[in-house]
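Accompanying notes for the structure given below.
The values are calculated or read from the model by the stated rules, or taken from the named source; none is laboratory data. In this text the structure is predicted, and so the values were computed from the model without any measurement. Note that we place each Cβ from the backbone using ideal geometry, even for glycine, and neighbour counts take in every protein chain shown.
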Amino acid sequence: MTTLRGMTWSHPRGYDPMIAVSAEWRRSTGVTVNWEKRSLQDFESYPVEDLARKYDLIVIDHPHVGQITAEGCLHPLPDAPEIAAGSVGLSYPSYTWQGHQWAYPIDAAAQVQAIRPDLMEAPPATWDNVLELARDGRVAIPLRAPHVLMSFLTLVANSGNPVRTNGRGQFIERHAGVTALDRLAALVNLIDPDCFNWDPIDVLERMARDDSIACAPLIYGYVSYAARSAVGKRISFHDIAEIHSGAGVAGSALGGTGIAVSAFTENPDLAIAFARHIAGPEAQRTLYASAGGQVGHGAAWADPQVDQKAGGFYSGTYRTLQAASLRPRHDGYMPFQEQASARIAQALRVGDFEEAIDDLDRLFDESFN
């Protein structure tokens, strides 16, 4: 009996569906997939090459693609039309790089809005509405790196000026960048400064635990807090607020995860077969969803039963996911993401917005060296 090793992240959303689908895969194929997990912070920063030498299957996110390709640590995957056709927004092409597919999306996410439906009837429609709510002390957003950068990227793109993702050049249009920092700072000045230490799980745990936070206007969605079976106070998720009336919901910073195959695996065909299965429409719509996964295939997003069990999570955020924006993916982006997050956090504290935009352009250019 063949055994494969997999690495994912430690939240139940990232781990439980892998266990459920793997158990069914073992019963039908005789192939065992044993999963281990890392913390969210490790998941975002741990060198993928080190993981690829230990595991056959690795859960990754799309900004790692350029670095992974340069290191030669992943096995290219065959095109999967049944998965590509169900791409939620840019989820499938986000793992396409230099003519190859490096992962199949299994989890689709972007920055959306989270509210406590027992504390407010509807999410804010515009950024001005967000600020009005924040003045009442009812708002929080995660600002721990890289989420402070993700909120900035979302505001910039929603203004119609997404950052550069396709090579050297000006990272961000100056006026759009300064304006986005100004908008973000207006919110930051009204919320708990501890938000700089919080990631999305920290904020959502507080929302579910007590009544101090009614709304998180920019946060990566977590279906486990919206599900009918959620522990604590249920949270509902919605499309992002427009920065001004008529801006729409475009530009949210795409997140989510994909399943990749190690270049060093001794069983590439078996690993690819499992990856294609768990990312496919049937597994996603059934076992993956029922085990608490945040599905990555459009067939599952559109399934009324899946949406109902998820408390309307999918229908509430679908427009935002469909219109979400990619981050850069080149080799060198990941260190830039850390540097840019720190620089934006500094700018929000001291107000040097023009200088911050200059620094972001410089850091982005240096990330190609």
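Does the range 18-32 contain any residue that is assigned by TED's automatic domain parsing to the domain that holds A275 and modelled with pLDDT under 90? Can you show your working first?
Step one: of the range 18-32, the residues assigned by TED's automatic domain parsing to the domain that holds A275 are 18-32.
Keeping just the survivors that are modelled with pLDDT under 90 gives none.
So far as the range 18-32 goes, no, none of its residues is assigned by TED's automatic domain parsing to the domain that holds A275 and modelled with pLDDT under 90.
Given the structure, is P117 buried (at least 17 other Cβ atoms within 10 Å of the Cβ), over 22 Å from the mean Cα position of the chain (by Cα) and assigned to a loop (DSSP other than H, G, I, E, B)? Walk me through it before giving the result.
Values: buried (at least 17 other Cβ atoms within 10 Å of the Cβ): yes; over 22 Å from the mean Cα position of the chain (by Cα): yes; assigned to a loop (DSSP other than H, G, I, E, B): yes.
So P117 fits the description; yes.
Say whether the condition of being under 30 Å from R168 (Cβ atoms), modelled with pLDDT of 95 or more, of a type outside the set (S, T, Y) and in contact with a Ser or Thr (Cβ under 9 Å, 6 or more places away or on another chain) is met by at least one residue in the range 275-290.
The first filter runs over the range 275-290 and keeps only residues under 30 Å from R168 (Cβ atoms), leaving none.
Scanning the range 275-290 turns up no residue that is under 30 Å from R168 (Cβ atoms), modelled with pLDDT of 95 or more, of a type outside the set (S, T, Y) and in contact with a Ser or Thr (Cβ under 9 Å, 6 or more places away or on another chain).
Within the bounds of the range 127-135, is there any residue that is surrounded by fewer than 24 Cβ atoms within 10 Å (Cβ to Cβ) and part of a loop (DSSP other than H, G, I, E, B)?
Step one: list which residues in the range 127-135 are surrounded by fewer than 24 Cβ atoms within 10 Å (Cβ to Cβ), which gives 127-129, 131-135.
Imposing the further condition that a residue be part of a loop (DSSP other than H, G, I, E, B) reduces the set to none.
No, because not a single residue in the range 127-135 is surrounded by fewer than 24 Cβ atoms within 10 Å (Cβ to Cβ) and part of a loop (DSSP other than H, G, I, E, B).
Please go through the range 319-362 and give me each residue that is among the hydrophobic types (A, V, I, L, M, F, W, C), modelled with pLDDT of 95 or more, assigned to a helix (DSSP H, G or I) and within 23 Å of the chain's Cα centre (by Cα), ordered by number.
Within the range 319-362, L321, F336, A340, A342, I344, A345, L348, L360 meet the criteria.
List the number of the failed condition for F264; all other conditions in (1) outside the structural domain of A342 (by TED's automatic domain parsing); (2) within 18 Å of the chain's Cα centre (by Cα) hold.
Condition (2) is where F264 drops out.
Out of the residues in the range 203-225 that are in contact (Cβ under 8 Å) with a residue 60 or more places away in the chain and part of a helix (DSSP H, G or I), which is farthest from T320 (Cα to Cα)?
If we take residues in the range 203-225 being in contact (Cβ under 8 Å) with a residue 60 or more places away in the chain and part of a helix (DSSP H, G or I), then R206 is farthest from T320 (Cα to Cα).
Select the helices (runs of 4 or more DSSP H) contained entirely in the range 1-87, then report the ones holding at least 2 residues which are surrounded by 18 or more Cβ atoms within 10 Å (Cβ to Cβ) and in contact with a Cys (Cβ under 8 Å, 6 or more places away or on another chain). Working first, answer last.
On the way: elements: 12-29, 40-45, 48-52, 65-71, 81-84.
Because the criterion is at least 2 residues that are surrounded by 18 or more Cβ atoms within 10 Å (Cβ to Cβ) and in contact with a Cys (Cβ under 8 Å, 6 or more places away or on another chain), the helices (runs of 4 or more DSSP H) in the range 1-87 that meet it are 48-52.
Residues are listed down the side, and each one gets a yes or a no for (1) surrounded by 16 or more Cβ atoms within 10 Å (Cβ to Cβ); (2) of a type in the set (G, A, S):
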{"residue": "E173", "(1), (2)": "yes, no"}
{"residue": "L181", "(1), (2)": "yes, no"}
{"residue": "S212", "(1), (2)": "no, yes"}
{"residue": "A216", "(1), (2)": "yes, yes"}
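Anything in the range 146-202 that is without any contact (Cβ under 8 Å) to a residue 60 or more places away in the chain and either in contact with a Gly (Cβ under 6 Å, 6 or more places away or on another chain) or of a type in the set (D, E, K, R) (or both)? List them, or say none.
Result: E173, D192, D194.
Among the numbered criteria (1) under 17 Å from L190 (Cα atoms); (2) assigned to a strand (DSSP E or B); (3) polar (S, T, N, Q), which one does S151 miss?
Among (1) under 17 Å from L190 (Cα atoms); (2) assigned to a strand (DSSP E or B); (3) polar (S, T, N, Q), S151 violates only (2).
From the residues in the range 269-288 that are under 21 Å from T317 (Cα atoms) and free of Cβ contacts under 8 Å to residues at least 24 places away in the same chain, which one is surrounded by the most Cβ atoms within 10 Å (Cβ to Cβ)?
The selected residue is R285.
Which members of the range 105-131 meet the condition of being at pLDDT 95 or above and acidic (D, E)? Steps first, answer last, please.
First pass over the range 105-131, keeping only residues at pLDDT 95 or above: 105-120, 122-131.
Of everything in the range 105-131, those that are at pLDDT 95 or above and acidic (D, E) turn out to be D107, D118, D128.
Mind telling me which of the residues V295, V306 ends up being closer than 27 Å to R27 by Cα, of a type in the set (A, V, I, L, M, F, W, C), without any contact (Cβ under 8 Å) to a residue 24 or more places away in the chain and not assigned by TED's automatic domain parsing to the domain that holds P200? Talk me through it step by step, then tell me what you get.
Working: V295 fails: without any contact (Cβ under 8 Å) to a residue 24 or more places away in the chain.
The match here is V306.
Among the listed residues I191, I106, I141, which satisfies the condition of being buried (at least 20 other Cβ atoms within 10 Å of the Cβ), closer than 28 Å to W9 by Cβ and out of contact with any Phe, Trp or Tyr (no Cβ under 8 Å at 6 or more places or on another chain)?
On the way: I191 fails: buried (at least 20 other Cβ atoms within 10 Å of the Cβ); I106 fails: out of contact with any Phe, Trp or Tyr (no Cβ under 8 Å at 6 or more places or on another chain).
Result of the check over I191, I106, I141: I141.
Among the candidates D210, D199, single out the residue that is in contact with a Pro (Cβ under 6 Å, 6 or more places away or on another chain) and either of a type in the set (G, A, S) or in the same structural domain as R138 (by TED's automatic domain parsing) (or both).
Values: D210 fails: in contact with a Pro (Cβ under 6 Å, 6 or more places away or on another chain).
Only one candidate passes the filter, namely D199.
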